[in-house]
Ligand code: FAD
């Protein structure tokens, strides 16, 4: 009997998984594989919460596959080396994967495709993690990508109306390869369980989403981000649950795809300002100030609450993310790349495209960014979005003097930005 491999990456589910469904329809036996990429693991702390989460999700997949008489094959190392070994061990006809649009993943998949095809093994890729891929929503005038969100969203909605996306029909799980493979422990992979857990997503409050989404104390957002990141739910399964009144929520999911296509078409944003006219900004980059921000010791209660929530739980409410990011870039004049890197280290839902896009938005350097002179007043933001300090007091019990005066910082930011921005 011939075998094909389904390679799990950021799609950790058995249902509504495009490439997995295709593999199961191939008429061949499907061996499911996951590779812990050593290059990614080597940069993470021993108790990284995301590795714990991935490991737990893989264990659940393995249990489900055991009930079907199959197993999840888990390997660790450089993906190319793992594939070389794998192709020697198993007689494989083809490989099925879902597309991944991050630059590192694109390069990895190109290498593996070349390798496997050189051995006569097909490498099939499918769209899965988005409703519309990076080349599906382009400007009709010149077929170039959109760099402004609103026209992108309008085009996205128009296309969605024409071709609504639904979850796939149930797949036939009888076609998994019958095999009993040993499943590793987290320690085998070189990690230990994190104390930080991932909260389940919740779509039951969507009716209140538009009204309360900006108020962290209401805690009415979906907590979907980690699950969309690792694919424990598909974007189609989420959209299926939305009603006509959930347009604001849908527009947030469109932001996710907007930033994914920005990263795909403009991979230089990883290190550079999207708008190069901001390249002349002279960041202060004071290390002591950065430490205070990281620890949540700025003396601005909403900023401090957000940073402490991030440090303790791996999550921060979106409104508060905007406030802390603005504070770092504008009040402290610290390069957005520093803040982005800290978020990347701590966020459970860390996603290169969304993190980079939102940081550049906050710094004013992004494609469709907040104008540079829009400087959040963290005290006013607190009064407006957490007036009874219910959220803030959960994280901050002592009150420190502000590390910098708001009016002074605002004036300084305006001067530094103005001096650094070149005219087009
Ligand atoms: P909900 O409000 O319930 O939103 C539903 C979903 O819509 C989210 O899960 C997410 O997939 C998407 N979404 C919502 N807001 C945005 C947005 N502004 N940009 C892109 N997608 C969005 N989100 C990440 O997923 N990963 C990141 O690394 C990330 N970094 C960020 C950094 C900064 C500085 C800022 C301001 C925002 C960042 N966001 C990031 C966006 C947003 O804060 C989170 O997606 C959201 O807070 C996650 O909580 P939720 O799932 O309850 O959101």
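Which percent of Cα pairs goes in each bin when the distances of segment 186-307 are cut into 10 angstrom slices starting at zero? Computed distribution, short to long bins: 10, 24, 30, 30, 6. Annotation for residue 223 and residue 63: the two label points, set 7 Å from Cα along the Cα-Cβ direction, are 1.9 nm apart. What does a probe at residue 139 reach in segment 354-390, counting residues whose amide N is under 16 Å from the point 7 Å along Cα→Cβ? Inside the label zone: 367-369. Gain on full extension, evaluated as 0.36 nm per residue between residue 287 and residue 205 minus their Cα-Cα distance, stands at 25.4 nm.
What is the distance in Å between the Cα centres of segment 275-301 and segment 220-235? Cα centroid to Cα centroid, the span is 30 Å. Extension gain for residue 247-residue 423 works out to 59.6 nm (0.36 nm per residue, less the C-alpha to C-alpha distance).
Rg of the Cα atoms in segment 270-423, relative to 2.2 N^0.38 Å, amounts to 0.98.
With the simple model of a label 7 Å out from the Cα in the direction of the Cβ, residue 25 to residue 268 spans 4.0 nm. Compared with the direct C-alpha span, the chain from residue 162 to residue 127 gains 10.8 nm at full extension, assuming 0.36 nm per residue.
Restricting attention to segment 1-154, close to 5% of DSSP beta bridges with both partner residues there are antiparallel.
With q set to 0.18, 0.21 Å⁻¹, the log10 of I(q)/I(0) for segment 1-128, from the Debye formula over equal scatterers at the Cα positions, is -1.05, -1.46. A convex hull fitted to the Cα coordinates of the chain yields 156 cubic angstrom per residue.
Okay, which of segment 281-323 sit inside 20 Å, backbone N to the point 7 Å along the Cα-Cβ direction of residue 389? Only 293, 295-310, 317, 320-321, 323 fall inside the zone, counting backbone N under 20 Å. Over the Cα atoms of segment 257-352, the radius of gyration divided by the Kirkwood radius equals 0.97; this is the Rg/Rh ratio. For the chain, modelled as a GNM whose springs connect Cα atoms under 10 angstrom apart, the maximal fluctuation among 89, 136, 158 occurs at 89. Computed per residue of the chain from DSSP H runs no shorter than four, each worth -39500 (n - 2.57), the mean residue ellipticity at 222 nm is -13500 deg cm²/dmol. Peptide packing: for 26-38, 320-332, the average count of neighbouring Cβ atoms within 10 Å per residue gives the ranking 320-332, 26-38, highest mean first.
Of all DSSP beta bridges confined to the chain, the antiparallel ones make up roughly 5%.
The protection proxy used here, the mean number of other Cβ atoms lying within 10 Å of each residue, ranks peptides 341-353, 117-129 as follows, highest first: 341-353, 117-129. The distance between label points at residue 84 and residue 44 comes to 2.5 nm (points 7 Å beyond Cα on the Cα→Cβ vector).
Every read-out reported here was derived from the displayed coordinates using simple, explicitly stated rules and does not represent laboratory data. Computed from a predicted model, the values in this text were never measured in an experiment. Because the Cβ atoms are built from the backbone with ideal geometry, glycine has one as well, and the counts that use them run over all protein chains shown.
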